[in-house]
Each structure stands twice: as structure tokens, then as C-alpha cells.
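The values are calculated or read from the model by the stated rules, or taken from the named source; none is laboratory data. Small disclaimer: the values here were computed from a predicted structure and weren't measured. Cβ atoms come from the backbone with ideal geometry, glycine included; neighbour counts cover every protein chain shown.
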Amino acid sequence: MQKTSSSTKLPSTTFSEIAAFVRELYASPEAFIPLHAPVFLGNEKKYLAETIDSTFVSSVGAFVNRFEEMMADITGARYAVAVVNGTAALHVALKMVGVSQNDEVLSQALTFVATANAISYEKAIPHFIDVDADTLGLSPRALLHRLEAVAELRNGACYNRETGRRIAACVPMHTFGLPARIEEIVAICERYHIPVVEDAAESLGSYVGERHTGTFGRVGTFSFNGNKTVTCGGGGALVTNDEQVAKRAKHLTTPAKPPHRWEYVHDQIGYNYRLPNLNAALACAQLEQLEHYLANKRATAQRYAEFFRDVADIEWIGEPENTRSNYWLNAIRLAARDERDRFLTYTNDAGVMTRPIWKLLNDLPMFRDCPRGDLSVARRLEDTIVNLPSSVRP
């Protein structure tokens with residue numbers, strides 16, 4: 001990417017050309033173009049009608065089971081557990097690896113707030129690590145540097161010598177569907193006896209080599225929110241190869257009710273997190289279209305890549321080497337924050353929805369006092385990354 005000083009402004013004609021290209025891409029000369037809208041091309045209405053006719057619209061039903069089977073098949077995990085949303089999946093996953101009150105959980109500062117919220121649900125403390133500029137995900141180099149600075153092993157567990165708290169887990173997130181360097185992250189965490197929970201909320205259909213994201217850590221989690229590649233309105237899932245983890249997760253989300261024909265007996269505090277059959281019906285129909293969606297979005301990404309190849313001072317962010325991204329959201333990087341803000345203003349005024357990347361979580365009031373390493377890369381990305389419309393095209 002050719003660098004531009006913050007005082008140098010791209011001409012507004014560049015922004016207008018980008019907006020015009022997006023309109024051409026989506027065959028929409030005048031209408032508002034959203035960032036990522038759902039599409040329903042298959043059996044959604046059919047399966048919803050079947051669910052309504054069956055009267056099993058809540059958390060028990062054939063489509064819940066089918067959804068779990070499909071998720072296990074798609075990801076290559078042995079087990080999948082359906083829950084109401086991705087945040088619930090992440091919360092349960094953290095419980096499954098033993099995170100508890102006053103523990104620290106390593107994660108990236110540049111992520112959606114749900115990552116840190118789920119950590120906080122267990123009254124644990126997020127510990128923020130920097131990201132890589134090319135993957136936008138947790139940096140193994142920064143992770144190792146931070147652990148070398150503050151971590152010590154005691155009786156087979158990792159502790160932060162500065163705070164005295166146990167470092168109970170690490171949660172890398174695959175940003176916008178771009179796979180993080182998850183193999184390196186897992187290897188580092190194994191050295192320090194830290195279990196990995198993958199936040200794969202945005203990366204259904206993304207791979208590192210031949211292996212699906214979400215299957216490298218002990219548990220992986222996915223989201224099916226309305227803006228995701230596949231949606232059922234809400235919805236989430238956790239995947240694992242550990243049979244006991246899968247059984248415990250399903251039990252806790254049921255909520256902690258041993259099966260019985262009529263008795264209401266609960267053996268521990270549980271969570272009403274199971275996915276309703278109605279949502280699962282929608283999810284199954286959407287998953288049937290996943291390969292089509294992925295091919296469509298990859299073609300869109302290729303069009304963006306070709307267009308921005310000839311645009312000075314704006315970098316389109318492609319998939320890292322040896323990975324395959326689902327390109328949930330296409331991202332570009334501008335030269336400076338003032339250019340980013342001008343671009344956001346121009347495109348949104350023109351009816352083409354664009355958005356900045358998230359505000360760093362350590363700047364939010366509830367996470368300002370959390371421990372953190374150097375976040376200089378994340379800070380630069382916060383100032384310069386913008387997402388472009390990335391819906392499945394007609």
C-alpha cells in the first residue's frame with residue numbers, strides 16, 4: 001500500500017468512483033445498499049411451515065437435531081450444540097474450559113464487544129492482546145511477547161505474576177472471516193497450559209489449510225445473527241471434539257434438566273440457551289445454501305480486489321496465505337483516520353452503507369482497567385479500516 005500523510009486528502013472523485021462501483025456490483029443504481037443483508041433462496045418458508053404444523057416451535061424439535069448434525073458435518077467437528085446466539089455459545093464455551101470468577105482471559109482488543117462481554121459473564125477479566133495487520137486477528141507474536149513478560153506456571157496452571165490472577169483461557173477471533181494464525185496461537189497456549197476457545201462467530205466457511213476455523217481450540221463458537229453469512233434471525237453454536245464437553249454444554253443449556261418424562265428436576269444452575277426449533281428450521285435451510293453463498297461472496301471479493309488494485313492509497317484486505325476466507329465482510333484500509341472519516345461520510349451520504357471497524361474494547365468504560373499489552377497495531381487499524389457492502393449478490 002502506498003502511504004499517504006494525514007494531511008494529504010484523496011480526491012472526492014475517488015470516493016464517488018468507489019460508490020459507483022459498489023452500485024454497479026449490486027446492480028442498484030439508486031436504492032440504499034446495506035452492509036450485509038440476509039437472502040432467503042431455498043427451503044426457508046417450507047421448513048418454517050413444517051415446524052409450525054408440528055407445533056414444536058420451541059427448544060425441542062427435529063430441526064434442532066438436524067442443525068447440530070449439519071454444523072458438525074460442515075466444520076468437521078465431532079459434536080455441535082445449538083444455542084440462541086453466538087454470545088451464549090461463547091459464554092458456555094468459557095465455562096466448559098473452566099473459566100471462573102477473577103480469572104483472566106486473553107483476547108484481542110480489536111473485536112466485537114460480545115467477546116469481552118462473554119468473559120465478563122463469568123466475572124472474569126479480559127486481558128487484551130494486539131492483532132496482526134494482515135489477519136486483523138490475535139497476533140501470536142504479541143501473545144508470546146506478553147506471556148513472556150507476565151506469565152508464570154504454577155502447578156500446571158498459568159498465572160499473571162503482575163496481578164496474581166490465573167490466566168484461564170485464550171479467545172482469538174477470526175475477524176470478518178479472515179482466519180487468524182490459529183495454529184501458532186494454539187501452540188503458544190499449549191506451552192503455557194492455556195485452553196483455547198475460538199470465537200469463529202464471523203468465519204463459517206473459512207479454513208486454515210483443509211481445516212475449518214473453530215476446530216483448532218478445545219471449543220469453537222459460531223453466530224447466526226441476521227447480518228451473518230448464514231442466519232436464522234439469531235442463533236449460535238459451539239463445536240468440539242470432546243464428547244464430555246458437548247454433553248455438559250447441552251445439559252447446561254437445556255437448562256441443566258436431566259431427561260425425564262414429566263419430572264422438573266434440575267441438578268445445577270443452568271441457562272435457557274437452547275436454540276428454538278423455529279430458528280433451527282431457518283438455519284437448516286440457510287446451511288443448505290452455504291456453498292452457493294460462499295462462492296457468490298468469493299466472486300464479490302475478487303471484484304473488489306481487482307477494483308482496488310488500481311486505487312492509490314487504499315488497500316483491500318485479502319485472505320492470508322494458506323487460508324480460505326468466507327469474506328463475510330470485505331475490508332479496506334485507508335491511509336489515516338481523517339481519510340477514513342471522510343470516506344464514511346461520503347459513502348453513507350450517498351446511500352452506500354460502510355462502517356468503521358470496532359472501537360478498541362479497552363477504551364470502553366467497563367473495560368478501561370483491564371490488563372493489556374502493547375496495542376499499537378490494533379490502534380492503527382481502528383483508525384483506518386472500513387467495511388464495504390458484502391451481501392450475497394443477486
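Results, tabulated for the structure shown:
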item: ARG161 vs. criteria charged (D, E, K, R), outside the structural domain of GLU315 (by TED's automatic domain parsing) and closer than 25 Å to GLY98 by Cα; result: yes
item: Members of the range 198-223 found to be buried (at least 24 other Cβ atoms within 10 Å of the Cβ) and out of contact with any helix residue (DSSP H, G or I) (no Cβ under 6 Å at 6 or more places or on another chain), listed by number; result: GLU198, ALA200, LEU204, THR213, GLY217, GLY220, PHE222
item: Subset of the range 310-348 (residues that are of a type in the set (Gly, Ala, Ser), within 19 Å of the chain's Cα centre (by Cα) and in a loop (DSSP other than H, G, I, E, B)); result: GLY318, SER325
item: Failed criterion for ASN65 (all others in (1) exposed (fewer than 15 other Cβ atoms within 10 Å of the Cβ); (2) over 30 Å from ASP242 (Cα atoms); (3) free of Cβ contacts under 8 Å to residues at least 24 places away in the same chain; (4) not β-branched (Val, Ile, Thr) hold); result: (2)
item: Candidate set: the range 348-394, residues that are small (Gly, Ala, Ser) and crowded, with 19+ Cβ neighbours inside 10 Å; chosen: the one farthest from THR300 (Cα to Cα); result: GLY373
item: The range 313-345, residues that are on the phi > 0 side of the Ramachandran plot and either touching a helix residue (DSSP H, G or I) at 6+ places or on another chain (Cβ under 6 Å) or of a type in the set (Asp, Glu) (or both); result: ASP313, TYR327
item: Some residue of the range 142-164 being farther than 30 Å from GLN289 by Cα, out of contact with any strand residue (DSSP E or B) (no Cβ under 9 Å at 6 or more places or on another chain) and either surrounded by 22 or more Cβ atoms within 10 Å (Cβ to Cβ) or basic (Lys, Arg) (or both); result: no
item: In the range 261-305, the residues that are small (Gly, Ala, Ser), without any contact (Cβ under 8 Å) to a residue 24 or more places away in the chain and out of contact with any Lys or Arg (no Cβ under 9 Å at 6 or more places or on another chain); result: ALA295, ALA305
item: Every residue from the range 349-383 that is within 18 Å of LEU136 (Cα to Cα), of a type in the set (Lys, Arg) and not in a helix (DSSP H, G or I); result: ARG355, LYS359, ARG372
item: Residues within the range 171-188 that are surrounded by 24 or more Cβ atoms within 10 Å (Cβ to Cβ) and under 18 Å from ALA93 (Cα atoms), tallied; result: 6
item: Output for the range 120-148, where each listed residue is under 23 Å from GLU183 (Cβ atoms) and of a type in the set (A, V, I, L, M, F, W, C); result: PHE128, ILE129, VAL131, ALA133, LEU136, LEU138, ALA142, LEU143, LEU144, LEU147
item: Exclusive hit being outside the structural domain of CYS370 (by TED's automatic domain parsing) and within 26 Å of TYR79 (Cβ to Cβ), set VAL196, VAL150; result: VAL196
item: VAL83 in contact with a Gly (Cβ under 9 Å, 6 or more places away or on another chain) and over 17 Å from ARG218 (Cα atoms); result: yes
item: Qualifying residue in the range 263-271 (condition: of a type in the set (Phe, Trp, Tyr) and part of a helix (DSSP H, G or I)); result: no
item: Residue identified as farther than 14 Å from GLY373 by Cβ, free of Cβ contacts under 8 Å to residues at least 12 places away in the same chain and of a type in the set (S, T, N, Q) among ASN155, ASN117; result: ASN155
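Residues are listed down the side, and each one gets a yes or a no for (1) crowded, with 24+ Cβ neighbours inside 10 Å; (2) within 15 Å of VAL377 (Cα to Cα):
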| position | (1), (2) |
| --- | --- |
| GLN101 | no, no |
| LEU106 | yes, no |
| THR135 | no, yes |
| SER139 | yes, yes |
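Yes or no, residue by residue, for (1) closer than 22 Å to GLU44 by Cβ; (2) over 21 Å from the mean Cα position of the chain (by Cα); (3) surrounded by 24 or more Cβ atoms within 10 Å (Cβ to Cβ):
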position	(1), (2), (3)
ILE74	yes, no, no
ALA77	no, no, no
ALA80	yes, no, yes
VAL83	yes, no, yes
GLY86	yes, no, yes
VAL92	no, no, yes
